[in-house]
Each structure stands twice: as structure tokens, then as C-alpha cells.
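The values are calculated or read from the model by the stated rules, or taken from the named source; none is laboratory data. Keep in mind that this is a model prediction, so the values were computed, not measured. Counting neighbours? That spans all protein chains shown, and the Cβs are built from the backbone with ideal geometry, glycine included.
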Amino acid sequence: MIAPSDTLMPVTPESRAYSVVPRENAAGHQCLEVSLGPQHPSTHGVFRMDVVVDGETVVKLKPVYGYLHRNHEKIAENISFIGSMPFTDRLDYFCSMTNNWAYALAVEKLAEIKVPERAEYIRVIMAELTRLINHTCLVGFLLNDLGAWGTPLLYAFREREKMLDLLEAVSGARLMCNYMRFGGARCDLPQGWVSKASEIVNSYDRFLDEFETLLTGNEILIARTQGVGVMTAAQAINASITGPMLRATGVDYDLRKAAPYGIYDRFSFRIPLGEHGDTYDRYYLRILEMRESIGILKKALAEIPEGPFCADVKIRSFKTKPGEVLSRIEAPKGELGFYLISNGGPSPYRYHVRPPSFINLTLLEDMCLGSKIADVVIILGSIDIVLGEVDR
Amino acid sequence: MFGKGLIQGLGVTAKNFIESFSKPERMTTVEYPEQKVQVQENYRNFPFLVFDEDPANPRCVACKICEKECPPQCIYIEEVRDEKGKAVRRPAIFDIDYSVCMSCQICVEACPFDAIKMDQVYELSTQDRFEGLLFHKEDILKPNDYFGRIHPTDAKEINLKLREAADKKKKADEAKAKAAAAAAATPKPPTA
Amino acid sequence: MNPEIFIVRFPEVQYHRASDSYIIPHKYVPEVVAFLKEHPDFRLDMCTCCTAVDWLPETNVTKRKVIENIDGKVVERIEEVIEEKPQFLETVYHLVSVEKKHGPFVIRIRTKDREDTRVPSLTPYYRGCELQEREGFDLFGIYYEGHPDLRRIFMWEGFKDFPMRKDYVEPDDYEYEPTPHDEVLQKAKRHYPSPTP
């Protein structure tokens, strides 16, 4: 009988892949082990990477996770179904609306609840607004990592503030919205919200044009991001990479078209695809995705019907049928999934989050080998991670 | 020409710089604490208990539903017990730990009596990490007019609903009293 | 995607009706995975989600009415049906095809019991399972054979026991809790004086 313990497999140079540090490079010089530690302005949260460098070139890179592990999955097993909705806000804390939607979708599939029309439109509007917020922030943070000391970041934040005011008017909180419920949304859109939102969305194209004039043709950006962090399509598919990272390598896979959920099949939008799979493609793909989202938003805001905003489902002592389900949505960072197993009781039996940021980090080492430390920071920035999701 | 992208970018930043002195949409700084941003009506931050006329008689009946449903378990309730030990429907202790509360609003949704609602306070800094943020019943009891001031639309609906319920109850009580009075006034039929 | 082809090719694989998934015995895993990746009808080239589930033993006792014919007389009897569900850990993989864009195909691999939790790993075939299987090892204790770098991922090195198992007992060292409830209140009473004024 074998009991798994902390000291794992037999120690051979290939198996203890973590701790073998190449002491000398080809010329006989010593390699340096650096910890890009958890407290770092560019690691997008508490994330540590143990990097072994030969001069400035990266030879080995091992990420260390777990600094923000809050055991969200175990809490959800002991709390009611609605009680873990506020905790799903805190998974990917930039995009709380999409996290809520993914969880609500999973529970609705289990309990076979039908969502009314107006609620579906509200959900699509909130998800696309969140996509705009997320991609704007990401471009800002990526430029911050590149060394543009805050200028694009604060321009991005200025636009984000307008959209956060919209979210606050609807749900009551800017970031942790806790807005979606099983069968729809928590409350209706207030008076005048649709016209305010249309104003902001219509002026967004002009902001993006200004942003692109500032950034896209910039020679420093091009020189530092083209050819850096290249990933091939076959590598990406095998490593379960999803989202803009996968589309930057040229693979046409977007869950809004491949496995439509909600009412996405009523909107016509294009899927931008990259060619080279490098950092510049990932950055520019996100700008193009934002333009497509603006198109979806304009149509949804114009077409939103009247009606009930939520199905008639009681919150307390909510039970579902026994069964299991995996719900998949296209979150701004990738494919977000909730895997729920229910045995008919008041709380789920097993609750698992399929986090896009965590799985997109699988190929971090492969992309960084051979580049400089400055490139490591940029590559990490272009993967778009949020530690709340990586560690849950 | 090499450097064209850089020069265009510098043009954008120059435009932003010059316009930040004249155009209101570029001037985004609010000089807190002299100027404060007006919060929106739906903004929520920390719960409070509502009373109608008398602070000693809040709407809360200490049913403990909000305590059970609260996800981070930050509410602690104890009921008032009279001399015989029977529970009177009022809370004796109603503690909310504001350092744990995440303003998720589930207590508000779960309350069947509209007794706990979301406040909009955000200037709550104290120097004591434990006792300074543990708010007791006296600190969180606020009148219904205050609720009407911060959330006018919700207050209008809820006041209407409660007034209708009170009217219905009064009518039912009056009908019962009239029926009892009529039964007492008519003489009993003589028994054979 | 036609599951019939799969069932015909691998008759040893069990179909789990309640969750529409397939339970694969350990020794057939390499063949099954190669088939699913290469057969032109399936082409499942991405493993979207790899989770671990802990099934505790359950005993369901239900009563059932039985009508019997004894010596020509019809007799009704109430009989107890005892259903024992065994205990094991299992890993659930959702496989998806990016090329053909069809939906999740679910396979399950079960451990023998809760002590001997060795299971073949799918990381040599799908690189995306690497981090998720590390999570399964760290939080559940499932030992994936063939994984290139199996070590704890969220918990720190030197942590004993596996937190996500259903029979995990958490340690008793509580910080100051201002509003404790139920079991937390009992534990807090043991360490601190009464918290309420």
C-alpha cells in the first residue's frame, strides 16, 4: 500500500525538475537564481517565480503558486448555493459579472430554470461591458510593465471609471457586484441607465482611436513585443490555453461562437485572430476584441425588451436536482468553467472552478526560456493573470 | 520615417496635457475631503437596522435568518427573553463585525420583514482593529426617514407595501371586532 | 461525435448513466486516450477541465414493498434494501475538440480506495492537465503516476494531510473571532473567554 507523502518520486535529475539548478553554463560561469518574489509591482498580484539566469538570459523558470489560496471550493461545499455567489465575485476581481454569470449558468442547468428575455439581454450587456473594462485595464497594465510610467494606464483607468459608475448604478458596488441570480439578475436596470450606457459606449470608439494613436505604431512597443514570448498553435491546444492567448496563435476557438450560451447566437460579431502568437499579437488582438464588443453592446442596448428581470426562484432553501454539470463561458481572460456536483441537498457536493488564468500559466516557462528578465515581465503581463483566479 | 509612432504618441499626450486645464472631461480629480463625490442612489456599503418610530422597537424580530444566510457569518444575534424565559420578538444583541462584512446584501434579500437595509457610510476609520469595527445594535439602528433619504425609490416601494399590509390588517381586525360585537349584541335564542 | 463507436471499440469501459460519462480502468488509459485524440470522429485535442472528487462511503437504506405468492396466498411484505456505495477518489476529465468544436466528453478514472490512490496521469498526453493534477495531488492526495513534476502547489511544503477531503479535520488554532457561531463558537469558548459582553 502506497501512501502519498510530501517527498514524492525517486530523485533523478529529470524528475526533481524544480530543485536542480544548473550551476554552470557552457562557458563554465556560474548561474544565478533569482526569486521574482511575491511582493513585486509587476507580477499582477502575489505571484512568485524562481528564475535561474545565465547572465541575463533565462535558463529555467518555476512559478510558485498559493499565496492567495483561500480555499473557495471548500467554503462552497458548506454554504448554500446563493451564499457562494458573493465569493465568486472575488475569483477574478476585475470581472465579477462574468464570474457570477458562469456560476448562475451552472446552477440553472442543474435546476432547469428558464431565464426570461430581458435578463438574458442584461447579462450580455454586463458581460461585454466587463470585457471592455478588462481589456482596457490589461493594455494599461501591460504598458506599465513595459516602462510607460502610468500614462496609458491612467488613460485606461479614466475610461474604466465611467463604466464602473455604470455598474455601481445597477448593482450597488463597483467591483464586487453580486448581481446575477439563478434565473436572471438581482434587480432591474434603473431609469435612464440604458441611455447613459449608450452614450458611454458610443464615445468609446473615439477613445480607442486615441489609445491606438498613442500605442499601436509606437516603435518602442513594437521592438519590445514583437517576437517575444512566441507560442505555437499546437503547443497552445495541448496545454489547454484558451481565450485571447489561443486566438493570438491563429486558432479560431471562441466559446461565444463554438458553444453558444445565453443569446450570443443573435449577435453577429467577428473573431480577431493573430498570426505569430507573440506578445504584440496578444496586445493588438485585445484592442480588436474591444471594437467587436462595442458592436455587440450597441445592438443589445438598442434591442433590450421589457419584461421580468428574473425567474421566480426563491433564494432561501434552494435545492437542485442531483446531477453534475460543467458550465463554460468566454470570460475576458479565457474559458471560465464551473463544475458542480449536487446530491439534492442545500449545498453542492463538489464545487470546482476551472480558472483560465491558472491554466494559461502552464506554458510560462516554455515561452520565457532564452529571453531576458525584462521580457519575462512582459510575457507575464500579456498572459493576463489575476491571482484571485489562479489561487482561488 | 523612423520615430513617427513615437511622435504621434507624444502628440496625444500633449493634447491631453493642454486640455486637462480647460475640458471638464479631462479634469477628473476630486479634491477630497474638501469636495466629495456624490454617491449614486444604489450604492451600498454595510447594513443597518430600520426602526419606524421608536428606536426601542425596531422592525427586526430576531428571527436569525440573516445570521444563517450571511456568507462570511459576521452577524451575531441574541433575542430578548422575558422573566419566564420565553422569547420576545426583539433582538437584545445584534452585532455586526464590519471588518468581516463584505456588503454582499444577502442579509437584505433574505430578511422577510424589511428590517435590515444597506447604508452608504464609508468614512469609518478607527484606530482599534477589533472593538472599533464591531458595531452593536445601538450603533446601527437608524430611522426609516434616513432610509428614505438615502434610497428614495426603494423606500417609496417598501413604505407603500407596509402601509397596505397595515391597512389590510386593520380592516381585518375591525371586521373581527364588529363580528364579535354583533354576536354579543344579539340575544341568544331561547332554548327549548 | 458518436459515443457508439467508442463503446464498441472499448467494451471494458463502463458507462455511468447519472453523469453521462465513462469510467476507464487504469490499464486501458493509454489506448483510450490515443483513440480519442486520433480517431477522425472524435479528435479531442484539448482537456478543458481536470478535477478530483472525493466520494465518501454511503449507506442508503430504503424500504420496498414486495408482493409474493406463497402457497397460493398473496402476501405483502416490507423489505429493507441496503445500498452500500464504496469510498474512493476519482478524477474527472472533460475533453473538448478545438478542431471540430464539439462539446465536452467526460471520462473518469477511479482510485482503488482511499489509501492506495495511484492513478495514471494524462499529462504526457495533454499538457494542460499538469497544473490541475498537481492541485489534485495537493488537495486530495491522488498520486498521478507519470506526472513529470508532482509536488504541492497551493499548500506549503511540509504541510501534512489533504484539505479538500471530506474527512479533513481542521486545526484548532483560531484567531480572535468577534462574531462566532455554532461549532466555531464552541471552539472559541475553549480558547478565549466569552466573546459577548
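See the values below:
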{"quantity": "In the stretch A:369-390, residue nearest to C:Arg134 (Cα to Cα) [restricted to those that are touching an Asp or Glu at 6+ places or on another chain (Cβ under 7 Å) and assigned to a helix (DSSP H, G or I)]", "calculated": "A:Glu389"}
{"quantity": "Test: residue in the stretch C:91-102 that is of a type outside the set (A, V, I, L, M, F, W, C), at the interface with chain A (Cβ under 10 Å from one of its Cβ atoms) and closer than 13 Å to C:Cys50 by Cα", "calculated": "yes"}
{"quantity": "Every residue from the stretch A:367-392 that is in contact with a helix residue (DSSP H, G or I) (Cβ under 7 Å, 6 or more places away or on another chain), within 14 Å of chain C (Cβ to nearest Cβ) and not aliphatic (A, V, I, L, M)", "calculated": "A:Glu389, A:Arg392"}
{"quantity": "Qualifying residue in the stretch A:92-104 (condition: among the acidic types (Asp, Glu) and surrounded by 24 or more Cβ atoms within 10 Å (Cβ to Cβ))", "calculated": "yes"}
{"quantity": "Unique match (being within 14 Å of another protein chain (Cβ to nearest Cβ), small (Gly, Ala, Ser) and either touching a His at 6+ places or on another chain (Cβ under 9 Å) or in a loop (DSSP other than H, G, I, E, B) (or both)) among A:Ser327, A:Ser317", "calculated": "A:Ser317"}
{"quantity": "Exclusive hit being modelled with pLDDT of 85 or more and either within 10 Å of another protein chain (Cβ to nearest Cβ) or under 28 Å from A:Pro63 (Cα atoms) (or both), set C:Phe154, C:Phe105", "calculated": "C:Phe154"}
{"quantity": "Long-range neighbours under 6 Å by Cβ, at least six apart or interchain, first residue outside any loop (DSSP other than H, G, I, E, B) within the stretch A:66-88, second among the charged types (D, E, K, R)", "calculated": "A:His72/A:Arg392"}
{"quantity": "Single residue of the stretch A:309-342 satisfying the filter (surrounded by 18 or more Cβ atoms within 10 Å (Cβ to Cβ) and of a type in the set (Ser, Thr, Tyr)) that is nearest to A:Leu387 (Cα to Cα)", "calculated": "A:Tyr339"}
{"quantity": "Single residue of the stretch C:40-79 satisfying the filter (among the aliphatic types (A, V, I, L, M), closer than 30 Å to A:Ile329 by Cα and in a strand (DSSP E or B)) that is farthest from the other protein chains (Cβ to nearest Cβ)", "calculated": "C:Ala52"}
{"quantity": "Residues of the stretch A:343-352 satisfying the condition of being surrounded by fewer than 23 Cβ atoms within 10 Å (Cβ to Cβ) and in contact with a helix residue (DSSP H, G or I) (Cβ under 8 Å, 6 or more places away or on another chain)", "calculated": "A:Ser347, A:Tyr349, A:Arg350"}
{"quantity": "Any pair with Cβ under 6 angstrom, 6 or more apart, that starts in the stretch B:143-165 at a residue that is within 14 Å of chain A (Cβ to nearest Cβ) and ends at one that is exposed (fewer than 11 other Cβ atoms within 10 Å of the Cβ) and modelled with pLDDT of 85 or more", "calculated": "none"}
{"quantity": "Residues located in the stretch C:128-152, provided they are surrounded by 22 or more Cβ atoms within 10 Å (Cβ to Cβ), over 15 Å from the mean Cα position of the chain (by Cα) and either at positive phi or not in a helix (DSSP H, G or I) (or both)", "calculated": "C:Gly128, C:His147, C:Leu150"}
{"quantity": "The listed residue being assigned to a helix (DSSP H, G or I) and either under 30 Å from C:Asn60 (Cβ atoms) or within 11 Å of another protein chain (Cβ to nearest Cβ) (or both), out of A:Ile359, A:Ile341", "calculated": "A:Ile359"}
{"quantity": "Residue ID - surrounded by the most Cβ atoms within 10 Å (Cβ to Cβ), chosen from residues in the stretch A:148-170 that are more than 7 Å from every other protein chain (Cβ to nearest Cβ) and small (Gly, Ala, Ser)", "calculated": "A:Ala156"}
{"quantity": "Cβ-Cβ under 8 Å pairs, at least 6 apart or on other chains, the stretch A:250-270 side on the phi > 0 side of the Ramachandran plot, far side outside any loop (DSSP other than H, G, I, E, B) and of a type in the set (D, E, K, R)", "calculated": "A:Gly262/A:Glu120; A:Gly262/A:Arg123"}
{"quantity": "Selection count, the stretch B:26-57, where residues are more than 24 Å from B:Thr153 (Cα to Cα) and more than 9 Å from chain A (Cβ to nearest Cβ)", "calculated": "10"}
{"quantity": "Tabulated pairs, the stretch C:140-166, first under 21 Å from C:Leu56 (Cβ atoms), second of a type in the set (A, V, I, L, M) and surrounded by fewer than 17 Cβ atoms within 10 Å (Cβ to Cβ), C-beta under 6 angstrom, 6+ apart or interchain", "calculated": "C:Lys166/C:Leu56"}
{"quantity": "Matching entry among A:Met245, A:Met290 (being under 28 Å from A:Ala374 (Cβ atoms), buried (at least 20 other Cβ atoms within 10 Å of the Cβ) and more than 14 Å from every other protein chain (Cβ to nearest Cβ))", "calculated": "A:Met290"}
{"quantity": "Pairs with Cβ under 7 Å, 6+ apart, first in the stretch A:298-315 and in contact (Cβ under 8 Å) with a residue 40 or more places away in the chain, second acidic (Asp, Glu)", "calculated": "A:Pro305/A:Glu117; A:Gly307/A:Glu117; A:Phe309/A:Asp188; A:Ile315/B:Glu109"}
{"quantity": "Tally of residues being within 17 Å of A:Ile113 (Cβ to Cβ) and either touching a Ser or Thr at 6+ places or on another chain (Cβ under 9 Å) or among the aromatic types (Phe, Trp, Tyr) (or both) across the stretch A:295-323", "calculated": "10"}
{"quantity": "The stretch A:46-90 - residue that is under 24 Å from A:Asp375 (Cα atoms) and charged (D, E, K, R) and, of those, nearest to the other protein chains (Cβ to nearest Cβ)", "calculated": "A:Lys62"}
{"quantity": "Yes/no for C:Ala52 being touching a helix residue (DSSP H, G or I) at 6+ places or on another chain (Cβ under 6 Å) and within 30 Å of C:Lys166 (Cα to Cα)", "calculated": "yes"}
{"quantity": "Total residues in the stretch C:16-52, condition acidic (Asp, Glu) and under 12 Å from C:Arg108 (Cβ atoms)", "calculated": "1"}
{"quantity": "Counted residues, the stretch A:209-233 - those being touching a Ser or Thr at 6+ places or on another chain (Cβ under 9 Å) and without any contact (Cβ under 8 Å) to a residue 24 or more places away in the chain", "calculated": "0"}
{"quantity": "Single residue of B:Thr153, B:Thr126 found to be within 14 Å of the chain's Cα centre (by Cα), at pLDDT 85 or above and not in a strand (DSSP E or B)", "calculated": "B:Thr153"}
{"quantity": "Residue satisfying all of: in the stretch B:95-139; among the aromatic types (Phe, Trp, Tyr) and under 26 Å from B:Glu157 (Cα atoms); farthest from the other protein chains (Cβ to nearest Cβ) among these", "calculated": "B:Phe113"}
